[in-house]
Structure formats: structure tokens, C-alpha cells
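These notes are about the structure you will find just below.
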Amino acid sequence: MSENPYISYDARILEVKDMTPREKLFTLRFVDPEVGENFSFKPGQFVIVDVRGFGEFPISLCSSPTRKGYIQLCIRKVGRMTKYVHKMQEGKIVGIRGPYGNGFPMEKMEGSNFLLVAGGLGMAPLRSVLWYAIDTGKYDHIWLFYGTKAYEDLLFRDEIVHLLKHGEAMNCSVKLAYEIESPSCIYLERGFSDRVCKGVVTDLFKGEEFDVENTYALICGPPVMYKFVIRELSNRRLSPGRIYMTLERRMRCGIGKCGHCIVGTSTSIKYVCKAGPVFTYWDALSTRGLI
Ligand SMILES: Cc1cc2nc3c(=O)[nH]c(=O)nc-3n(C[C@H](O)[C@H](O)[C@H](O)COP(=O)(O)OP(=O)(O)OC[C@H]3O[C@@H](n4cnc5c(N)ncnc54)[C@H](O)[C@@H]3O)c2cc1C
Ligand code: FES
């Protein structure tokens, strides 16, 4: 965006939406229209939110680049910075720098099927892929397998439930898993017993086969989830090069300068902020400390 990578640009908060008690969806627009027009990104990339005089933190872009004029960030309240931002209201200004990271190779995957596997907050970057794929129509079928602790933790709930009910018209099939029962999920389960279940995200694989020659799996969720999802995919013989994962590390600069996100060994290191945050399972197998 700028020749000086540390410069952040003013963006106004247009809307703040409560999604769960912990997560809010922020819709922002760059104050300078020229900056907004020049800001382009790929699903899977992230930005650094700069709260002037207070600090910075990385957040995935959860809107699709096909939706112009604004960006969206789904922010979980966990500590100092995110608690501060959660108190900010419509009209306030934050700095945004980026986009950073490699993002998903959307062009390479054109014409293929997608299996998106999300756990909890992992839905944020995958939502960008989901809407990009639906909006562009350049992909075959899209499956979304999404697991949360409870129905109440489901992010982007209205959209996801809409896709559960009507997604087939957009070549999209949604399956949901939740661990804690509540009246809302029992209601959903009654209507969609083949697609909503009590359990963890890997339970959604039961009875499913994929055209492994023509499918990519994109995974994002808590670290513990990766091993089990990869096992399901490997059992179905999906090659490691067709499995993409977006991985988080503690980051500061986002541009390969500070060294906070380094993984690997002294002879082969990777900066997660630059080489990632999206990696194939091949990368993970060959890089110590990646997963
Ligand atoms: C590439 C990338 C994309 C991200 N995307 C999102 C997103 O879309 N939505 C979102 O809510 N968060 C996202 N995060 C995590 C977010 O950056 C952290 O939650 C945030 O920096 C915490 O700042 P804090 O000052 O509120 O918390 P701190 O006071 O710094 O820490 C509070 C707690 O959060 C944990 N924490 C801090 N940073 C991270 C991190 N990077 N990963 C995991 N745990 C962390 C700490 O261990 C501690 O337990 C992303 C991180 C990265 C690296
Ligand atoms: S975050 Fe600074 S090097 Fe990656």
C-alpha cells in the first residue's frame, strides 16, 4: 500500500456488530478514498490494526475482496489491545497497515472443489474464501464443515444458517458440529439431521468421500484440531499438497523484520508472516515447529 511498510492508514469504523460475547465484527472504510481503491487483498491475508499511541495487533481479513468499499475484521476479546478495540464505537478511527502474508492461492484452485474446515475463530479467514468462491463462481462445489463449542459461538450465524438452508443453490453445502447442546441447535438438528450434529468437526467427515483429484482442503482452527482433520483427509487420500492450513504465531511487524514469528531450524527458517500464514501440509511436514 505504501512505500514505507510501517505507515498505517486511517480507517473509520462504520459498524460494530456483536457476534458472540467474545467476538465482534468491525466494518471499516479507509478515510482516503484513493487508499481504499488501491487496497486489494487475497483471502487468507491479514492486516495490522494500529491503535495510535496504544499498540498494534494482527487480524485476518474476514470479508471477501469481491465486496468493495469496506473491509471486515472479526475480533475476539482476549487481552489488552483487543479489549480496548472492543470498546470502540462507530465513527472512531484506527490505523490499518497491510495486507500482509501470502493468502490462499485462489487462482491456482480455480475450477476445483473446496472443503473448508473451520474450528471456532478459524471461520474468520475462511469466510473470506467462502464468499470469494461464491461471488466469483470460479470454483466447483464448496463444502463448509464448521465446529464450535456451542450454537451460540457460531460466528457469522445468520449467513451460515442461511447457507445451511439454501446453500445448494450457490453450490455450497454446510455441515455444523457443536459440543454443547442448546435448544437452538436441537431445533436446527431436527430440520437438518444429516448436516448438523453434536460432536466435533471431524465427526462431520463420517460417510463423506471427496474427489481427491479435484478437491482442495483449507483448514483453520485451534492448533489441536489440525492433527485430527489431517488424519481424516489423509484417510481419504487427499495429497498433502492439496491441504492448506492457515497458522497463527505471535507477530509484531508482519513484514519479516522483527523475527517474532520465525519457525524451522538454524539451517532452514521461515517467517510465518511472510511465507505464511497459509501453508500446505507438505510445508508443515518439512518445517520444524510449524504445527
Ligand atoms: C496472522 C494472524 C491473524 C489473526 N487473526 C485474528 C482474527 O481474525 N481474529 C482475532 O480475534 N484474532 C486474530 N489473531 C490473534 C490476535 O492477533 C491476538 O488475539 C491479539 O494480538 C491479542 O492482542 P491483545 O493485546 O488483546 O492480547 P495480549 O494481551 O497480547 O494477550 C492476551 C492473550 O492472547 C494470546 N494471544 C496474543 N496474541 C496471540 C496470537 N497471535 N495467537 C494466539 N493467541 C494470542 C496471549 O497468549 C494471551 O493469552 C490473529 C493473529 C495472527 C498472527
Ligand atoms: S512478525 Fe515480525 S518477522 Fe514476522
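The values are calculated or read from the model by the stated rules, or taken from the named source; none is laboratory data. In this text the structure is predicted, and so the values were computed from the model without any measurement. Cβ atoms come from the backbone with ideal geometry, glycine included; neighbour counts cover every protein chain shown. Just so you know, the surface numbers come from the protein's heavy atoms only, side chains and all, with ligands and any DNA or RNA stripped out. Shrake-Rupley method; radii C 1.70, N 1.55, O 1.52, S 1.80 Å.
For ARG250, are the conditions met, namely being more than 14 Å from ligand 2 (Cβ to nearest atom), open to solvent by 20 Å² or more (accessible area, probe 1.4 Å) and among the basic types (Lys, Arg)?
Values: more than 14 Å from ligand 2 (Cβ to nearest atom): no; open to solvent by 20 Å² or more (accessible area, probe 1.4 Å): yes; among the basic types (Lys, Arg): yes.
The answer is no for ARG250.
I need the full set of residues from region 71-127 which are under 19 Å from ILE243 (Cβ atoms) and of a type in the set (Ser, Thr, Tyr), in order please.
SER112
From the list THR215, THR202, THR265, which residue is closer than 30 Å to GLU181 by Cβ, open to solvent by less than 60 Å² (accessible area, probe 1.4 Å) and among the polar types (S, T, N, Q)? Please lay out each step first, then the result.
Numbers: THR215 fails: closer than 30 Å to GLU181 by Cβ; THR265 fails: closer than 30 Å to GLU181 by Cβ.
When all the criteria are applied, what remains is THR202.
I'd like to check something: does region 269-280 contain any residue that is of a type in the set (Gly, Ala, Ser) and under 21 Å from the mean Cα position of the chain (by Cα)?
yes
Restricting attention to region 76-93, which residues are hydrophobic (A, V, I, L, M, F, W, C) and open to solvent by less than 30 Å² (accessible area, probe 1.4 Å)?
The answer is MET81, VAL85, MET88.
Any residue in region 47-57 that is in contact with a Gly (Cβ under 9 Å, 6 or more places away or on another chain), away from ligand 1 (no atom under 16 Å from the Cβ) and not assigned by TED's automatic domain parsing to the domain that holds ILE134?
For region 47-57, residues in contact with a Gly (Cβ under 9 Å, 6 or more places away or on another chain), away from ligand 1 (no atom under 16 Å from the Cβ) and not assigned by TED's automatic domain parsing to the domain that holds ILE134: absent.
Identify the residue in region 1-23 that is over 19 Å from GLY101 (Cβ atoms) and among the aliphatic types (A, V, I, L, M) and, among all such residues, is surrounded by the fewest Cβ atoms within 10 Å (Cβ to Cβ).
Across region 1-23, the extreme among qualifying residues is LEU14.
Taking the conditions exactly as written (farther than 19 Å from PRO125 by Cα and buried (at least 17 other Cβ atoms within 10 Å of the Cβ)), does VAL51 satisfy them or not?
yes
Yes or no: PRO277 touching a Leu at 6+ places or on another chain (Cβ under 7 Å) and either surrounded by fewer than 20 Cβ atoms within 10 Å (Cβ to Cβ) or farther than 16 Å from LEU61 by Cα (or both)?
Spelling it out, it is not the case that PRO277 is touching a Leu at 6+ places or on another chain (Cβ under 7 Å) and either surrounded by fewer than 20 Cβ atoms within 10 Å (Cβ to Cβ) or farther than 16 Å from LEU61 by Cα (or both).
Going by what's in this entry, would GLY91 be described as over 16 Å from the mean Cα position of the chain (by Cα), on the phi > 0 side of the Ramachandran plot and either at pLDDT below 95 or of a type in the set (Phe, Trp, Tyr) (or both)?
It is false that GLY91 is over 16 Å from the mean Cα position of the chain (by Cα), on the phi > 0 side of the Ramachandran plot and either at pLDDT below 95 or of a type in the set (Phe, Trp, Tyr) (or both).
Is region 216-231 home to any residue that is within 16 Å of ligand 2 (Cβ to nearest atom) and within 21 Å of VAL129 (Cα to Cα)? It would help to see each step written out before you state the result.
Of region 216-231, the ones within 16 Å of ligand 2 (Cβ to nearest atom) are none.
No, the conditions are met nowhere in region 216-231.
So, in region 270-291, of the ones that are more than 10 Å from ligand 2 (Cβ to nearest atom) and of a type in the set (Val, Ile, Thr), which residue ends up modelled with the lowest pLDDT?
Checked region 270-291; the qualifying residue modelled with the lowest pLDDT is ILE291.
Looking at region 24-48 only, could you name the residues that are assigned to a strand (DSSP E or B) and open to solvent by less than 70 Å² (accessible area, probe 1.4 Å)?
Of region 24-48, the ones assigned to a strand (DSSP E or B) are 24-30, 46-48.
Scanning region 24-48 gives LYS24, LEU25, PHE26, THR27, LEU28, PHE30, PHE46, VAL47, ILE48.
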